[in-house]
Amino acid sequence: MPFPAEKGLHAGRRAGTFAHHMIVAPKIRGFICTTAHPQGCARHVAEQIAVVKNRGPIVGGPKKVLVIGSSTGYGLASRIAAAFGSQAATLGVFFERPGTQDRTATAGWYNTAAFEAEARAAGLYARSINGDAYSHEIKAQVIEAIKADLGQVDCVIYSLASPRRIHPVTGQTFTSVLKPVGEPFTNKNLNTGNGEVREVTIAPASEEDIAQTITVMGGEDWEMWIEALSNAGVLAGGTRTVAYSYIGPELTWPIYKDGTIGRAKADLERAQKALDAKLSPINGKAWISVNKALVTQASSAIPVVPLYISLLYKVMKARGSHEDCIEQMDRLFRDRFRNPDPDEAGRIRLDDWEMDPEVQTTVQRHWEDVTTENFPALSDFEGYQTSFLRLFGFGLDGVDYTAETNPEVGIPSLG
C-alpha cells in the first residue's frame with residue numbers, strides 16, 4: 001500500500017473569526033512530507049512523554065541538558081527523556097519554520113510547541129532557540145541563555161541532521177551526499193511511493209563529495225560547540241556529551257558505513273576521542289551512541305535503508321524487541337548513562353537488539369528473497385508508512401483530521 005494520496009491543504013475560512021483555519025492532510029513529495037498537523041504532532045509528543053513517565057523516574061540522570069537538534073527524531077526523544085524521566089531543565093536548538101495563514105509549520109515547530117507546553121505544565125524549565133546551529137551567532141545565544149537561566153549544563157546532546165552547512169568561519173556552503181565510495185553500488189531498493197522493489201545503481205562519490213559530506217555531517221561542529229561552551233565556562237563538572245551515529249548490517253554498508261555518510265561518521269568518532277580528552281580535566285565524558293535504524297526524516301532519504309527498515313520492523317516486532325526513538329533514548333538516559341558498556345571502539349551500542357545475530361540472519365534471508373510481489377508479506381511496510389506519517393503528526397489516535405485547525409501555533413519561549 002503506497003502512501004496516502006496527496007490531498008494538500010484546504011483553506012476553510014470560518015466567517016467571523018480572526019484566526020485562519022484549514023484542514024491539514026499529508027502532502028508527500030518524494031521522501032518528505034511538506035505539511036504537518038499541529039494537534040497530531042502534539043499527540044505524538046504526549047505519547048512519547050507517556051512512555052517515559054510510565055517507566056518511572058530516571059535515577060542519576062542529568063539535570064540541565066542542552067539538546068542541539070532537538071525538534072524531531074532522536075533529538076526530540078532525548079529532550080523528552082531528559083525532561084520527563086530525569087526532571088531536567090532543557091534548552092533546545094533547532095532550525096524550524098513557523099506556520100502562516102495558509103501554510104503549516106514544520107513538524108519540528110509543532111513538536112517543540114507541544115513539548116514546551118507539556119514541560120511548563122509539569123513545572124519544568126524549557127527554552128528553545130531557533131536558528132542555524134552551525135553559526136557562531138546561535139552558539140553565542142545559547143551560551144547567554146545558559147548563563148542567564150541555568151548557570152551551567154551537565155549534558156550536551158548533539159543530534160543535528162542537515163543536508164547542508166554554512167561554515168561559520170569561511171561562509172562557504174557545504175552539501176552532503178549519500179553515495180558509495182570507490183565504485184558504483186547496485187542493490188535492491190524500495191520505492192516508498194508505490195511499494196515496488198527493484199534494483200538501484202548509485203554512482204560513486206567524488207573526492208569533493210566525500211570532503212563536503214564530512215564537513216556537514218562529521219565532528220567539526222560538535223567540537224566547535226563543546227569548545228565554545230567550555231571556553232564560556234558553562235559546562236559543569238562531570239558533563240557528558242553524546243552524539244548519535246549508525247552502523248547497520250553489512251548489506252547497507254556500501255551506501256552507509258563504507259559510503260560518504262560513513263566517512264562523516266568516522267570523523268565523528270575522531271571528534272569523540274578528541275572531546276573525551278578535552279573534557280577530562282572537568283571529569284567529563286564524550287560518547288557516541290550507535291542507535292537503531294528507525295524511520296526519521298533523515299533515514300527516509302537514504303537509498304536501500306527504507307527497504308531494510310521495512311524488513312527489520314517485521315522481524316523485531318514479531319520478537320517483541322522493536323523500539324522507537326523514545327524507547328531508545330529512554331534506555332540511553334535510564335541505563336547507559338550509568339552503565340555505558342562500550343564496545344571495542346568505545347561506543348555505546350543502543351543498536352544491540354537490532355544487531356542480534358538471529359534478527360540479522362532472518363532479515364538477510366528476507367532481503368535475498370524479497371520482490372515486489374512478496375514484499376507485503378515479508379515486510380512491515382505498513383508500519384514503516386505509519387511511522388513516517390506520525391513524524392508529521394498524521395495517523396494518531398484521538399485527532400480529528402477532518403476538522404479545521406489553525407496552523408499558526410506559537411512556541412512559548414520564542415514569544
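The values are calculated or read from the model by the stated rules, or taken from the named source; none is laboratory data. Just so you know, these numbers come straight off a predicted model, no measurement behind them. Counting neighbours? That spans all protein chains shown, and the Cβs are built from the backbone with ideal geometry, glycine included.
Can you confirm whether the stretch 272-283 contains a residue that is at pLDDT 95 or above and at positive phi?
Looking only at the stretch 272-283, we keep the residues that are at pLDDT 95 or above, and these are 272-283.
Retained after the next criterion (residues that are at positive phi): 283.
Looking for residues that are at pLDDT 95 or above and at positive phi, one finds at least one in the stretch 272-283, hence yes.
Considering only the stretch 180-200, state which residues are touching a residue at least 24 places away in the same chain (Cβ under 8 Å), surrounded by 11 or more Cβ atoms within 10 Å (Cβ to Cβ) and outside any strand (DSSP E or B).
Answer for the stretch 180-200, where residues must be touching a residue at least 24 places away in the same chain (Cβ under 8 Å), surrounded by 11 or more Cβ atoms within 10 Å (Cβ to Cβ) and outside any strand (DSSP E or B): PRO180, VAL181, THR192, GLY193, GLY195.
Could you give every pair whose Cβ atoms fall below 9 Å, whose first residue belongs to the stretch 72-96 and is in contact (Cβ under 8 Å) with a residue 40 or more places away in the chain and assigned to a loop (DSSP other than H, G, I, E, B), and whose second residue is crowded, with 24+ Cβ neighbours inside 10 Å and among the basic types (Lys, Arg), counting only separations of at least 6 or pairs across chains?
ALA88/ARG79
Got at least one residue in the stretch 104-122 being among the charged types (D, E, K, R), outside any helix (DSSP H, G or I) and crowded, with 16+ Cβ neighbours inside 10 Å?
Step one: of the stretch 104-122, the residues among the charged types (D, E, K, R) are 116, 118, 120.
Then drop every residue that is not outside any helix (DSSP H, G or I), which leaves none.
Checked the stretch 104-122: no residue is among the charged types (D, E, K, R), outside any helix (DSSP H, G or I) and crowded, with 16+ Cβ neighbours inside 10 Å.
List pairs: first in the stretch 223-240 and within 18 Å of ALA148 (Cβ to Cβ), second in a helix (DSSP H, G or I), Cβ under 6 Å, 6+ apart or cross-chain?
ALA228/LYS139; ALA232/ILE143; VAL234/ILE143; VAL234/ILE146; LEU235/LEU229
Identify the residue in the stretch 115-147 that is small (Gly, Ala, Ser) and over 20 Å from ALA82 (Cβ atoms) and, among all such residues, is nearest to the chain's Cα centre (by Cα). Show your work before the answer.
First, pick out the residues of the stretch 115-147 that are small (Gly, Ala, Ser): 117, 119, 121-123, 126, 128, 131, 133, 135, 140, 145.
Cutting the leftovers down to over 20 Å from ALA82 (Cβ atoms) gives us 131, 135, 140.
Numbers: GLY131: 17, SER135: 20, ALA140: 24 Å.
Restricting to residues being small (Gly, Ala, Ser) and over 20 Å from ALA82 (Cβ atoms), the top hit is GLY131.
Could you list, in sequence order, the residues of the stretch 244-263 that are crowded, with 21+ Cβ neighbours inside 10 Å and either among the basic types (Lys, Arg) or farther than 30 Å from GLY393 by Cα (or both)?
Across the stretch 244-263, the qualifying residues are PRO254, GLY259, THR260, GLY262.
Quick check, is ALA293 of a type in the set (A, V, I, L, M, F, W, C), over 20 Å from the mean Cα position of the chain (by Cα) and either surrounded by fewer than 23 Cβ atoms within 10 Å (Cβ to Cβ) or assigned to a loop (DSSP other than H, G, I, E, B) (or both)?
Values: of a type in the set (A, V, I, L, M, F, W, C): yes; over 20 Å from the mean Cα position of the chain (by Cα): no; either surrounded by fewer than 23 Cβ atoms within 10 Å (Cβ to Cβ) or assigned to a loop (DSSP other than H, G, I, E, B) (or both): yes.
Considered against the rule, which asks whether it is of a type in the set (A, V, I, L, M, F, W, C), over 20 Å from the mean Cα position of the chain (by Cα) and either surrounded by fewer than 23 Cβ atoms within 10 Å (Cβ to Cβ) or assigned to a loop (DSSP other than H, G, I, E, B) (or both), ALA293 comes out as no.
Has the stretch 336-345 got any residue that is farther than 27 Å from ILE32 by Cβ and aromatic (Phe, Trp, Tyr)? Spell out the reasoning first.
Step one: filter the stretch 336-345 for residues farther than 27 Å from ILE32 by Cβ, giving 336-345.
Right, trim to aromatic (Phe, Trp, Tyr) and you get 337.
Taking every residue of the stretch 336-345 in turn, at least one turns out to be farther than 27 Å from ILE32 by Cβ and aromatic (Phe, Trp, Tyr).
Quick one: ILE302 ticks every box in (1) surrounded by fewer than 24 Cβ atoms within 10 Å (Cβ to Cβ); (2) farther than 30 Å from GLU373 by Cβ; (3) not acidic (Asp, Glu) bar one, so which box is it?
(2)
Among the residues of the stretch 272-289, which ones are surrounded by fewer than 22 Cβ atoms within 10 Å (Cβ to Cβ), touching a residue at least 12 places away in the same chain (Cβ under 8 Å), more than 16 Å from VAL153 (Cβ to Cβ) and of a type in the set (A, V, I, L, M, F, W, C)?
Of everything in the stretch 272-289, just one residue is surrounded by fewer than 22 Cβ atoms within 10 Å (Cβ to Cβ), touching a residue at least 12 places away in the same chain (Cβ under 8 Å), more than 16 Å from VAL153 (Cβ to Cβ) and of a type in the set (A, V, I, L, M, F, W, C), namely ALA274.
Please enumerate the residues belonging to the stretch 155-173 that are outside any loop (DSSP other than H, G, I, E, B) and either touching a Leu at 6+ places or on another chain (Cβ under 6 Å) or buried (at least 20 other Cβ atoms within 10 Å of the Cβ) (or both).
CYS155, VAL156, ILE157, TYR158, ARG165
Could you please find all residues in the stretch 386-401 being in a loop (DSSP other than H, G, I, E, B) and out of contact with any strand residue (DSSP E or B) (no Cβ under 7 Å at 6 or more places or on another chain)?
In the first step, residues of the stretch 386-401 are kept if they are in a loop (DSSP other than H, G, I, E, B); the result is 391-401.
Residues satisfying the conditions are LEU391, GLY393, PHE394, GLY395, LEU396, ASP397, GLY398, VAL399, ASP400, TYR401.
Tell me, which residue of the stretch 230-255 that is of a type in the set (A, V, I, L, M) and touching a helix residue (DSSP H, G or I) at 6+ places or on another chain (Cβ under 7 Å) is modelled with the lowest pLDDT?
The first filter runs over the stretch 230-255 and keeps only residues of a type in the set (A, V, I, L, M), leaving 232, 234-236, 242-243, 247, 251, 255.
Now drop any that are not touching a helix residue (DSSP H, G or I) at 6+ places or on another chain (Cβ under 7 Å), which leaves 232, 234-235, 243, 251.
Numbers: ALA232: 98, VAL234: 98, LEU235: 98, ALA243: 98, LEU251: 89.
Here the answer is LEU251.
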